[in-house]
Amino acid sequence: REDGTVRIQVEGVVGARGEPPAFHSMLAYTLFSSGEVHLEGAVEPKKEGLPPLPRFGLELRMPGGYDQLSWLGRGPHECYSDRKESGKLGLYAGTVEEQFVPYIKPQENGNKSEVRWAA
């Protein structure tokens, strides 16, 4: 683009191995000269009457030197879909290490719900 940004949009289908595709997916990455990356994602069912489905999510891995996190979403504690009502929508910040929750059984940690943006 003339403003120095680059946009990459990837469209595809998602489904279980051996089954017909169940979803149309779209991911769009916009890269700015400042180093910011904006990510948009969407998943739409391709057919009616799908059974209960697992979650859909994205994982973004960052270099080890990135140790601060701020987000606009539910917080300040971890918020999962089954307990997100305990989190209040707001602007929060902390270290990446502070997002760890020492669950007895290892699982996901520090999940954030209804995040509008994160830095």
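Each reported figure results from applying straightforward, stated rules to the coordinates on display, with no laboratory input. None of these values were measured; they are calculated from a predicted model. We place every Cβ from the backbone using ideal geometry, glycine too, and count neighbours over all the protein chains shown.
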- Amide H neighbours of Ser113 at under 5 Å, excluding residues fewer than 5 places away on the same chain, with H built from the backbone geometry, are Arg74, Cys79
- With labels modelled as points extended 7 Å from the Cα through the Cβ direction, what inter-label distance (nm, one decimal) is found for Arg83 paired with Asp3? 4.1
- Item | Scattering curve values for the chain, log₁₀ I(q)/I(0), Debye with Cα scatterers, q = 0.12, 0.16, 0.23, 0.24 Å⁻¹ | -0.62, -1.03, -1.32, -1.35
- Most mobile listed residue (Gly87, Gly12, Gly57) in the chain, GNM with C-alpha springs under 10 Å: Gly57
- What stretch of the chain, leaving out the sites themselves, is the longest with no GluC sites (Glu not before Pro) in a DSSP loop having at most 16 other Cβ atoms within 10 Å? 60-107
- Note on the chain: contact order normalised by length, alpha-carbon pairs under 8 Å, 6 or more apart, percent, works out to 18
- Message: Projecting each Cα onto the charge dipole of the chain (Lys/Arg +1, Asp/Glu -1 at the beta carbon, about the Cα centre), which of Ser25, Ser81, Val115 comes out farthest on the positive side?
- Response: Ser81
- Query: Any idea what the relative contact order of region 65-119 is, in percent, if you count C-alpha pairs under 8 Å spaced at least 6 apart?
  - Reply: 49
- Message: Test of the criteria: in region 47-119, which chymotrypsin sites (Phe, Trp or Tyr not before Pro) are in a DSSP loop and have at most 13 other Cβ atoms within 10 angstrom of their Cβ?
- Response: Phe56, Tyr66, Phe100, Tyr103
- Message: Among Lys105, Lys47, Lys84, which one shows the highest mean-square fluctuation when the chain is modelled as a Gaussian network with alpha-carbon springs under 10 Å?
- Response: Lys105
- ³J(HN,Hα), Karplus 6.51/-1.76/1.60, whole Hz, each residue of region 15-29, x for Gly, Pro: x, 7, 4, x, 10, x, x, 9, 9, 9, 10, 9, 10, 10, 10
